[in-house]
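Have a look at the structure below, then the notes.
Any read-out appearing in this document is the output of simple, stated calculations on the displayed coordinates, not a laboratory observation. Being a predicted model, the structure only gives us computed values, none of them experimental. So basically every Cβ, Gly included, is an ideal-geometry build from the backbone, and we count neighbours across all protein chains shown.
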Amino acid sequence: MKNRNNMLSILFILLLILLTACGNEEQNVGVQEETTAGVEGEQGASKLEDDQTTETETRTYEHMEGTTEIPMKPERVVTDWYYGQLVVLGVKPIGTNDYVWKNHPFIERQGTESVGSSFEKIIELDPDLILSWGADKYEDYSKIGPTIPLELNGGPIESVELFGDILGRSEEAQQWITSFEEKSADARARLDEKIGEEETFSIINVFEDTIRVYGFVNMGGYALYEALELKPSPLVESTFKDTEEWYREVSMEVLPDFAGDHIILTTYDPEGNDPTLQELKDSEVWKGLEAVQNNRVYEVEFNHLYFDDPIAIENQVEILTDTILNSEH
C-alpha cells in the first residue's frame, strides 16, 4: 500500500512538471509572435512612411516670378504651350492649350485634354504642376497648383535640359539629346551628297498680307541652320545671328537681298487660297530669283515648321532633309 502511494506521488509530480513546461513554451511562443508582429508592424509603418515621403517630397524652384514648391518628380502636368518638351521626356501632359491641341502636327491627342482658357477645366484635372508661357496668368494658375512661368528662346537642347531638371528626369533628357545629335549628324551626312558647301538658304513665310524672312529660331530656323548646319544667305546671317529676333517683315523689293540659293517657302493659309502668295509667285521679282529659276524652292506646310519645341524640331530635321533630297533640281 505504501509503495502504491509513493508511485502515485511520483506520477503526480511528473504530470505537474510536464504541464508547467508546456505552459512556459506556449507563453514563449506567444511572446515571440507578438515580438515578430511588432517588428513587422514597425517595418510596415516605416515603409509606408517612406512611400508617403517619396510621394509628397518637394523642392523649391526659382523662376521669373519668384519661387515655387514643386514635386520632386511631377506626373500630372498641365501646360499652355510646352507640350513637346514634356513628351520627349516621357511625360504626357494631362492638359494643354487649345491651339497646341488642335494644330500641333506631331502630337498624339489621346491622353491629353484641351483646357482652352478654362481655369475650371484645369482645376478638374487636378495637376501637380502647371507650366505656363510667360507670367500673364501666373497668379491665376498658382491658385490652382504649383506653377512655373517660362519664356524660352533657346534651342531644343537647352530646353530639354531645363525641363529635365524641372521634371526630375535629367537622365531622360541626356538620352534624348544624344539621340537628337545622332539623327542630326546622319541627316547632315545625307545632305552633303547634294548640297554644296557654299550654297545658301533662306526661309520665307507668307503670313496673311505680309512677307516674312525667318532667322535661326522659329519656322524651321533651328532645324535648318543649327541642326543641319546649312548655310544662311549673307543678309540672313548678319540680320539674325546672335539675336532673339524670330523674323523680319520685308517688302517684295528687298526680298532678293535675303534670298539664298535655296528657299524654304511656307504660308499661313487656313483658307487654302492666299492672294499674297499668288501675288508673290506672279511677280517678276520672284521669277527673277536664282532659287526659283533653278527649281530650288521647297514648299513646306506651315504647321510643320511653326512649332519650335524639341519634338517638332526633331521632325523638322527629317522633313527638311527628305524634302531637299527628293526635289528634282
Residues with amide H under 5 Å of Glu113's amide H, sequence separation 5 or more or different chain, H placed in the peptide plane at 1.01 Å from N; which?
Gly95, Thr96
For region 294-306, in residue order, the Karplus 3J(HN,Hα) values (coefficients 6.51, -1.76, 1.60; θ = phi - 60°; whole Hz; Gly and Pro = x) are 9, 6, 10, 10, 10, 8, 10, 4, 3, 5, 5, 10, 5
Gain on full stretching of the segment that runs from Arg190 to Thr178 - 0.36 nm per residue minus C-alpha separation:
2.4 nm
Lys and Arg at +1, Asp and Glu at -1: neighbours of Glu244 with Cβ under 15 Å from its Cβ sum to -4
Based on alpha-carbon centroids, what's the gap between region 305-321 and region 107-174 in Å, whole number please?
20 Å
